[in-house]
Every structure is written in C-alpha cells, then in structure tokens.
Amino acid sequence: MSYDYLIVGAGLFGAVCAQRLTEAGKKCLVVDRRKHIAGNCYSEIVEGVEVHKYGPHVFHTNDEGVWQYLNRFTAFNNFRLGTIANYKGEMYSLPFNMYTFNKMWGVTSPKEAAAVIESQRQAAHIGEPRNLAEQAISLVGSDIFERLIKGYTEKQWGRPCEELPAFIIRRLPVRFTYDNNYFNARYQGIPVEGYTKLAERLLAGSEVRLETDYLQNREELNKAAERIVYTGPIDEYFGYAYGHLGYRLVKFATEILDEPNFQGNAVVNYTAKEVPFTRIIEHKWFKFGLDNEGKELPKTVVSREYSVEWQPGDEPYYPVNDEANSALYRRYKEAADKEEKVLFGGRLAEYKYYDMDQVVASALAARL
Ligand code: UDP
C-alpha cells in the first residue's frame, strides 16, 4: 500500500479531509472522475469573470470554527446575496421581507404585513404544515406562495409543492424588517481568488488524479490505501442494488454579452411557471463587477439555469429528500455502516441537501 488514505472525490468534503490528513502527516491519494477539482463549487475565469460552473455558490456560515478554518486558505470578499424575483415583469425582493410585503400588498408596517399573512393562513385552513405548500402558506400567505414560490419550486423540483418536504422552504428566512440579505449568517462572501483556488490549497500535499473513476478501477485503487473516504453517490457505490436514488440536475445555458450590465444583480429568479428557466445568474456581481485584480469588467457572463430530472449517467446535484428516497437512502446507509474500511461523507454519499459550510463542518468533525 503506497498511501494511508484514498479519497474519492475532490470536492469540498474530500478536499477538507485531505487537508486534515496531510497536516496529520498522512499520505493521501485523491481521485476524481471529472476533469477538475472543487466538485460543484468549481469556477473558472471567462473574460475576467469568475463563472460558477455548477450554479451560484455564496459561502455563508455562523460556525466560528468553519470560518476560522477556511480563512487559513482564503480570504472572503464580504459579498452579501440579495436576490430578486421576477414574476411576470414585476420585481420582488427575496428572501421574503418588508420590501416584498410592501410590493405585494402596499403594507408599510410589520404589524400590517403579519395581519395579511395571518388572514391568508386562516383562509387556507392550515394547521401544522405537512408539506412545502402548507409550510409556505403558513409562513408568508397564499399570495406570495402563488406568485413567488409555487412556480419556482415546481420548476426546480419537478414535483407539486404538496409532495415536497416542508424543510426546503424553511431554508429561506422570513423577515419583518427591511433587510434583503438572503442569509442570516454572521460570515458571508466569495473566496477572493475563487473556489477552485481554495480547493487547490486544501489539496496541496495530496496526490490528485483527475479523470479517474474509482468505481471503474475499484480493485486496483482499493489496493492503494488502508482507508477510504468516499464522497460519490452512495447508491452508485453499491451498484444501485436497491434502486436509484432521485436527484435534480441543473443545466446552464451560458453566454458572454458585450455589455457591462445585463440585469443589475447576481441572481434574478423567474418565479412564473411559464418561464422555462428558474433563474439567471450574472456572475460578475458576486465580485462587485470587478476582476481578481480589482479592475472593472467591460463584458458580462450570464447563465440561465434549467432544472431537469436526473437520468443515470448525468451529474447529480440536489438530493430529492422525499419519503421514498429517504427510505431508500436508509437501506444504503445500513449497508454503508458495514463497510469498515470506508467513510461515506458529503452531499452525495450522505444524500443530504448540504450547504457548503455544513459540508466543511462535517468533514472537520469526521472520525478519519
Ligand atoms: N424558493 C422559491 N422561490 C424563490 C427561491 C426559492 O420558492 O424565488 C424555494 C424553492 O422551493 C427552493 C427553496 O426555496 O427549493 C430553497 O431555495 P434556496 O435558494 O435555498 O435554494 P438553492 O440555493 O439551494 O438552490
């Protein structure tokens, strides 16, 4: 055996494990079947703009330990995400806050806004929310549900809101203040030199082999190390023995535009069902319109994001944590617990809708 650890996947979970192990004097081999490191936070520079290839990633955390740890490898630019929803040409602030309520109902005080929401909640006869639709109406009322949530959510998840878990909508804050910040997190921002650089620094000291598929070369790679950290899809690891777990996949149509400012914001969500994409990302605004040297950029790069059902062979993005998939995952988890040599971690191996900071926290806590 030439390595202490084989790490399957060079995304955040794998990269943080590799860094910890290297620091502890262990020798790691990191393999990834993609052409690049950094998993879904991977970004590349196009016309001076850092383009988030797998969708917008805005780092946010309240976890002091995670923040201190990452700051050893990168500085963050203090960017705060404030999203806008375009519903049939009308622009609403997101997440839901007093600007949203004012635009929707003309109310100006928190008391008035809360009263409208309460009356809509009662009219819809919502008790303890049993699904995303009921949770949404209970939090923000039926007008906002109909215009800003229903269409977007059903496009994103390809299922009716009644069949989705309530927790998904609780990711978004609801505020009775005039505050557009998407996250309630103490620490936020984009790595100043990009996510790929961050991953590169975490992986420094490990041997990295790209375009190397662990599952296709399992026998040989298993011989390389005593212990394995596996961050790929858990169902694929077991040859889909119990069936496929469901994922949502996002696809992007990206174009370079010969103009400096297309939509005036990093993210604009299109919440009407009729618009085929979910959102448009204008990447330069994650870095205040500047390149890595601080120069203004004459062009802009925009991506329209389409959400589609995952098919075998596609890149999996979002785990679909409905009941059937959660039950299936538990069967795989039982099998995984019996694999003594292998630690399963990260979004795909734990089949979990993780934010980046949660992935880092779990990699820092993992008993390697
Ligand atoms: N959501 C919505 N309307 C929006 C934005 C989000 O209804 O304009 C809902 C949708 O169900 C989504 C959830 O809120 O799945 C969580 O959104 P978030 O921005 O956290 O999703 P992510 O950034 O992970 O894609």
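The values are calculated or read from the model by the stated rules, or taken from the named source; none is laboratory data. Nothing here was measured: the structure is a model prediction, and the numbers come from that model. Glycine gets a Cβ as well: all are built from the backbone with ideal geometry, and neighbour counts include every protein chain shown.
Key figures
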read-out: Selection status of L249, within 16 Å of the ligand (Cβ to nearest atom) and either surrounded by 14 or more Cβ atoms within 10 Å (Cβ to Cβ) or closer than 30 Å to K341 by Cβ (or both); value: yes
read-out: Hits in the stretch 264-287 - residues which are more than 16 Å from the chain's Cα centre (by Cα) and either of a type in the set (V, I, T) or under 22 Å from G194 (Cβ atoms) (or both); value: N265, V268, T271, V275, E282, K284, W285, K287
read-out: Number of positions in the stretch 142-160 that are in contact with a helix residue (DSSP H, G or I) (Cβ under 8 Å, 6 or more places away or on another chain) and more than 8 Å from the ligand (Cβ to nearest atom); value: 7
read-out: The stretch 161-203, residues that are within 12 Å of the ligand (Cβ to nearest atom), within 25 Å of E90 (Cα to Cα) and either charged (D, E, K, R) or not in a helix (DSSP H, G or I) (or both); value: R170, R171, L172, P173, V174, Y182, F183
read-out: Some residue of the stretch 14-37 being within 17 Å of D355 (Cα to Cα) and within 16 Å of the ligand (Cβ to nearest atom); value: no
read-out: Flag for A123 being touching a residue at least 12 places away in the same chain (Cβ under 8 Å), more than 16 Å from the ligand (Cβ to nearest atom) and more than 28 Å from F277 (Cβ to Cβ); value: yes
read-out: Residue ID - farthest from the ligand (Cβ to nearest atom), chosen from residues in the stretch 126-137 that are modelled with pLDDT under 95 and farther than 21 Å from G246 by Cβ; value: G127
read-out: Scan of the stretch 29-52 for residues that are assigned to a helix (DSSP H, G or I) and not small (G, A, S), ordered by number; value: N40, C41
read-out: Matching residues, the stretch 212-256, being assigned to a strand (DSSP E or B) and in contact with a helix residue (DSSP H, G or I) (Cβ under 7 Å, 6 or more places away or on another chain); value: V229, Y230, R248
read-out: Residue within the stretch 88-97 that is among the charged types (D, E, K, R) and either within 16 Å of the ligand (Cβ to nearest atom) or at pLDDT below 95 (or both) present; value: yes
read-out: Any chance Y230 is at pLDDT 95 or above, within 16 Å of the ligand (Cβ to nearest atom), among the aromatic types (F, W, Y) and buried (at least 18 other Cβ atoms within 10 Å of the Cβ); value: no
read-out: Any chance A75 is more than 11 Å from the ligand (Cβ to nearest atom), touching a residue at least 60 places away in the same chain (Cβ under 8 Å) and over 30 Å from D357 (Cβ atoms); value: no
read-out: Top-ranked residue of the stretch 288-337 - restricted to ones that are β-branched (V, I, T) and modelled with pLDDT of 95 or more, ranked as nearest to the chain's Cα centre (by Cα); value: V302
